[in-house]
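In what follows, a single structure is set out as structure tokens and then discussed.
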Amino acid sequence: MTQTTGADSPHTPFLAEVKDAVTPRATLLVIGTVALALLFIASYVGALHDPKPRDVPFGVAAPQAAAQQAVTRLDTLPGHPLDPRPVADAATARSKILDREIDGALVLDPSGTTDTLLVATGGGRVLATTLENLVTTLERSEARTLRTVDVAAADRHDANGLSSFYVTVGWCVGGYLCASIMTLSSGAGRATPRRSAIRLIAMALVAVVGGLGGALIVGPILGALPGSIAALWGVGALTIFAVGAATLAFQAVFGLAGIGLVILIVVILGNPSAGGALPPPLLPPFWQDIGPALPPGAATWTTRSIAYFKGNDTTTALLVLSAWAAGGIAITLLATSWRARRTSPP
């Protein structure tokens, strides 16, 4: 007659069965997962639920006296939605928009009653619409009319100007998933300096392929983004490698918990602050501040610049991505070298 023993015994206390079914490690993983889920909700809803323009860089083109008067009036609007500054003329305003120094401009006509608003839907259709609604209301209050000119129009296949953000999300997901898979396939705690170097090289190859694939999909295949395919390829490769190298670095330092930290930084904090669904001037202060320093924000800004602004004002964003890539390489190799020396026999 077979006798039941151990955790399957009917006489095993209930608490013992619970401990056997849900190990302490599984409990910690579940708690961490729930925490990430709640942070995901808080970050996305907090960033996107109530868009309001704040200090939007905005130009005013008019004769000197009229320009200064308009700047003063716009600068004192409730909530400070605009950060106005005078510009010489309409051509200068257009140039500054294409250089990404300002997001819009009002060209006043002192001899008539119709003024011109310059916007750039390529930088985000939501922001252009917000500026148009705001300035239209102001013009009506002064019995003036407004015509809107789009100086950097989003492609007709790029609905709401979001393609640059979506391709960036894909590049980032590819980066941290590939790095995580390479580590998990052989155990997070078994990294050595040589193995880490091989993974970084493999990550670079993945980045080259993934960057080209993304550029081809949004470019000639779907026609969603204009701009140089080679430039988009380069940004995509740098983005994938930056996120992948950062993932390897976090895993080298924190083990499996590093994957959760990457999700926290790239997905939970990085995506809503990237300026995709809402351009940076429409985000709350916290997300507006951190967005440019994280890979999704830097990559989205650069991709939009390539597509619609002739590649202008990309230096800072490219330096951010390069810093994540270089930091990931250095920390990965240093952490694995330190661990190897620590665990090697004397």
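Structure above, values below:
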quantity: Pick from region 228-257, criterion surrounded by fewer than 22 Cβ atoms within 10 Å (Cβ to Cβ) and of a type outside the set (A, V, I, L, M, F, W, C), ranking: modelled with the lowest pLDDT; calculated: G255
quantity: Candidate set from region 303-321 (those that are touching a Ser or Thr at 6+ places or on another chain (Cβ under 7 Å) and within 24 Å of A246 (Cα to Cα)); member that is surrounded by the fewest Cβ atoms within 10 Å (Cβ to Cβ); calculated: L318
quantity: Index of the failed condition, G276 passing every other in (1) modelled with pLDDT under 95; (2) part of a helix (DSSP H, G or I); calculated: (2)
quantity: Residues of region 94-116 satisfying the condition of being closer than 17 Å to D55 by Cα and among the aliphatic types (A, V, I, L, M); calculated: I97, I102, A105, L106
quantity: Any hit, region 338-346, residues being free of Cβ contacts under 8 Å to residues at least 60 places away in the same chain and in contact with a Ser or Thr (Cβ under 8 Å, 6 or more places away or on another chain); calculated: no
quantity: Positions within region 1-43 being of a type in the set (D, E, K, R) and either in contact with a Pro (Cβ under 7 Å, 6 or more places away or on another chain) or at pLDDT 60 or above (or both), in sequence order; calculated: E17, K19, D20, R25
quantity: Given (1) of a type outside the set (D, E); (2) at pLDDT 90 or above; (3) not assigned by TED's automatic domain parsing to the domain that holds T302, index of the condition V173 fails; calculated: (3)
quantity: Residue among I290, I217 that alone is without any contact (Cβ under 8 Å) to a residue 60 or more places away in the chain, closer than 26 Å to T33 by Cα and surrounded by fewer than 23 Cβ atoms within 10 Å (Cβ to Cβ); calculated: I290
quantity: Subset of region 153-166 [surrounded by 19 or more Cβ atoms within 10 Å (Cβ to Cβ) and closer than 10 Å to L222 by Cβ]; calculated: D158, S163
quantity: Per-region count, region 106-123, residues touching a Phe, Trp or Tyr at 6+ places or on another chain (Cβ under 9 Å) and within 19 Å of K310 (Cα to Cα); calculated: 4
quantity: Hey, W324 part of a helix (DSSP H, G or I), farther than 24 Å from A120 by Cα and at pLDDT 95 or above or not; calculated: yes
quantity: Index of the failed condition, T314 passing every other in (1) over 16 Å from G122 (Cβ atoms); (2) of a type in the set (V, I, T); (3) within 16 Å of the chain's Cα centre (by Cα); calculated: (1)
quantity: Only one of L106, L98 that is touching a Lys or Arg at 6+ places or on another chain (Cβ under 7 Å) and at pLDDT 95 or above; calculated: L98
quantity: Residue within region 189-201 that is under 18 Å from the mean Cα position of the chain (by Cα) and modelled with pLDDT of 95 or more present; calculated: no
quantity: Answer residue from region 154-182, given it is free of Cβ contacts under 8 Å to residues at least 60 places away in the same chain and of a type in the set (G, A, S) and is nearest to V209 (Cα to Cα) among those; calculated: G170
quantity: Among (1) modelled with pLDDT of 90 or more; (2) more than 26 Å from G276 (Cβ to Cβ) - the single one G124 does not satisfy; calculated: (2)
quantity: Only one of A88, A105, A120, A67 that is surrounded by fewer than 21 Cβ atoms within 10 Å (Cβ to Cβ), among the hydrophobic types (A, V, I, L, M, F, W, C), touching a residue at least 12 places away in the same chain (Cβ under 8 Å) and not assigned by TED's automatic domain parsing to the domain that holds P272; calculated: A88
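The values are calculated or read from the model by the stated rules, or taken from the named source; none is laboratory data. Remember, predicted model here, so these are calculated numbers, not experimental data. Using ideal geometry, Cβ is built from the backbone for each residue, glycine included, and neighbour counts are taken over all protein chains shown.
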